[in-house]
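Each value in this text was obtained by applying a stated rule to the coordinates, not by laboratory testing. What you see is a predicted model; the values in this text were computed from it and never measured. Don't worry about glycine lacking a Cβ; one is built from the backbone with ideal geometry, like all the others, and counts go over all protein chains shown.
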Amino acid sequence: MDYLALVYLGLLFFPNVISFALFGYDKHQATYQKWRIPEFVLILSAFFNGAFGALCGMVFFKHKTQKKLFLFAVPILLFLQLAAAIVARLIISPFQTPLPL
């Protein structure tokens, strides 16, 4: 696997793990009525290429599923990130070997 493919996978993997962990930690804090992560930070983590992890965190931890902001923003961000990845792949592929998806 070449260097560019590793960078590409890292850009997809790590933000999603961080978003997932943030949702889990916030749910834990909410359960014990302790200091919480601000909603702005959770949405921001989804915005920076972590929408899939945020959506998985919402479903897995059953957290923020009643908030309309999260019900609409996270799936829309996921759709936009997938569309951007597809467009980037179409633009990059004529110039070099395709990156694995």
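Assorted remarks:
- Dipole magnitude for the chain: about 440 debye, using +1 per Lys or Arg Cβ and -1 per Asp or Glu Cβ, origin at the Cα centre.
- Considering all C-alpha pairs of the chain, those separated by over 21 Å amount to 39%.
- The modelled label-to-label distance between residue 13 and residue 71, using points 7 Å beyond Cα along the C-beta direction, is 3.5 nm.
- For the listed peptides 52-64, 69-81, a ranking on the average number of other beta carbons within 10 Å per residue, highest first, reads 52-64, 69-81.
- Positive-end ranking of 57, 84, 8 along the dipole of the chain, with charges on Cβ about the Cα centre, is headed by 57.
- Förster-model FRET efficiency, 22 Å R0, residue 84 and residue 25, C-beta, rounded to 0.05: 0.20
- Within the chain, the whole DSSP H helices whose Cα atoms reach 18 Å or more along their own axis and whose mean Kyte-Doolittle score is at least -0.5 are 3-31, 68-92.
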